[in-house]
1. If Ile85 satisfies all but one of (1) within 14 Å of the ligand (Cβ to nearest atom); (2) without any contact (Cβ under 8 Å) to a residue 60 or more places away in the chain; (3) more than 22 Å from Ser404 (Cα to Cα), what's the number of the condition it fails?
2. Take Gly355 and decide whether it is touching a residue at least 60 places away in the same chain (Cβ under 8 Å) and among the small types (Gly, Ala, Ser).
3. Filter segment 439-489 for residues that are within 16 Å of the ligand (Cβ to nearest atom), hydroxyl-bearing (Ser, Thr, Tyr) and part of a loop (DSSP other than H, G, I, E, B) and give the result.
4. With the structure loaded, tell me whether Tyr485 is hydroxyl-bearing (Ser, Thr, Tyr), more than 22 Å from the chain's Cα centre (by Cα) and within 24 Å of Ala30 (Cα to Cα) or whether it fails that test.
5. I want to confirm something. Restricting to segment 313-348 and keeping residues that are within 16 Å of the ligand (Cβ to nearest atom) and among the charged types (D, E, K, R), which single residue is farthest from Phe161 (Cα to Cα)?
6. Just one of Ala87, Ala93 is open to solvent by 20 Å² or more (accessible area, probe 1.4 Å), closer than 25 Å to Asn42 by Cα and more than 17 Å from the chain's Cα centre (by Cα); which is it?
7. Of the residues that sit in segment 33-66 and are away from the ligand (no atom under 16 Å from the Cβ) and part of a loop (DSSP other than H, G, I, E, B), which one is nearest to Tyr400 (Cα to Cα)?
8. Please identify the pairs in which a residue from segment 225-254 that is in the same structural domain as Asp437 (by TED's automatic domain parsing) and over 21 Å from Trp75 (Cβ atoms) has its Cβ atom under 6 Å from the Cβ atom of a residue that is open to solvent by less than 80 Å² (accessible area, probe 1.4 Å) and of a type in the set (Gly, Ala, Ser), counting only partners at least 6 apart or on another chain.
Amino acid sequence: MQNTTVQHFDVAIVGTGFSGLGMGVALKKAKKNNFVILEKANDVGGTWRDNHYPGCACDVPSHLYSFSFEPNPNWSRMFAPQPEIKAYLQHVAHKHGLIPHTRFNQEVREVRYDESIKRWKITTKSGATYIARVVVSGMGGLSTPSYPALKGIENFKGKAFHSQDWDHNYPLEGKNIAVIGTGASAIQFVPQIVPKAAHVDLYQRTPPWIVPKPDRAMTAAEKKIFKLIPQTQEALRNAIYTQLEVRALGFVFSPRVLKVGELMARRHIRKQISNKELRKKVTPDFSFGCKRVLISNDYYPALDQPHVDVVTQGIREVREHSIVDSNGVERPVDTIIYGTGFKAQDPIPKGAIFGRNGVDLVDFWKEGPEAYLGAAITGFPNLFMLMGPNTGLGHNSMVYMIESQIAYVMDCLKQMDKNNWQVVDVKPDTYAEFNRDTQSKLGGAVWSTGCQSWYVNANGKNTTLWPGFTFDYRRKTAQFDAKNYQVER
Ligand code: NAP
């Protein structure tokens, strides 16, 4: 049955991942309770609810990859597994009273600015309508799975699924499994499936650079100390932050420094793989850091086993029960697992967000996504993106960036209320200059050294990463800079 209600709120947040929940907590703390959170699923957690493949864990230490206002002394490991991160987000939602604000099973279909009432109109798949003065998108950039266009895939008679849609009821024991992709997700699940499978063919297009993962279990004593003296956990958090932040020097300002990382990664290959042919196959031929640097202690040993083949020839065709590579070699397959990542370059589909004069955001972004401070877009007033264009990181915790963005939006709301502004819209010149400057800084970064990655779109524009230190971003977003916005009372 269609839901035809219309509900009015001051702020509408989309999504319940780190971004949406963090924004909700900030509004609660500021006693701005007139807000709604729209969630497409029936639970909170965003990417940490949706990605539950075996081995899924964060690749930034958990003591940092968590909210500054909600330390968790009980992380079981330095890099907590997905169920713990999901439980952490559920805990945050419950503890801070966000569940009553959340409308579950509300997949946003359209977000449209209505000039006549200076409000956003949000319609969901269920037919409900929400009217809000301010919209905060916490939809994330990596949520729509990307599938390779494989010739003949429609004829395949076996089981096929994407890492994000893992079917835990499907037994992998004794199966001939083809894994496509060798990115951040695949390197986590491949070591988990290899012991179960009869055979694994790993279709690798580009080998990633991988360094050792400094993971370990947290001891009972450490957890106790963190609980009794929270400053100790804060000190650890700060130490991790500083250690990771130093890497921006190499990634952004002086890619040659990254040679040290490359040597470490080459040593990792030599130490973990005995087979010379395999070592060669998994050694990248692009600059260290150009694509996301991965961390793992169990990926290479998983590949160095007799029932695992790394296939580098590419796929010519999929048949009913096999895959044929570009050399014409046919391999039997029962199961295909796509570790082929997400549509990072088009995070917002066409027909979803319409700003002033009915302009579709995707049409406005002719050259690819961009935003002022990664958050605001000219002609889309009172709309803020969290984890928006060019605020992703290759070197530190996204939660730090998200908290910076939330502080910016909160200061905007404060100033809007204080000055009785109904509308704030970033000035076109500010928007253009910011994005010119961002692209110019990215020109010298390691991500522009010629590899193909989801950081950079088909036009060669890096639409995803922040070109600098995260503390610089925090400084820039510490206060809402009203002078750069056109305001309407
Ligand atoms: P990804 O890093 O984009 O890797 C996708 C893999 O699939 C790459 O090896 C890619 O090869 C390959 N591929 C894509 N299309 C292909 C095609 N048509 N034919 C053959 N191979 C193809 O995706 P992901 O592993 O899902 O990770 C995505 C992002 O999610 C990560 O970069 C990271 O930001 C995040 N993530 C984070 C964690 C964490 O621990 N926090 C864990 C998982 C994921 P090419 O390299 O040649 O393109």
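1. Only one criterion is unmet by Ile85, namely (3).
2. So Gly355 fits the description; yes.
3. Thr449, Ser453, Tyr455, Thr463, Thr464, listed by residue number.
4. When the stated conditions are applied, Tyr485 passes them.
5. Selected residue: Asp346.
6. Only one candidate passes the filter, namely Ala87.
7. Val44
8. No pair meets every condition.
The values are calculated or read from the model by the stated rules, or taken from the named source; none is laboratory data. This is a predicted model, so every value here is computed, not measured. So basically every Cβ, Gly included, is an ideal-geometry build from the backbone, and we count neighbours across all protein chains shown. The accessibility values were calculated without ligands, DNA or RNA, using every heavy atom of the protein model including side chains. Shrake-Rupley method; radii C 1.70, N 1.55, O 1.52, S 1.80 Å.
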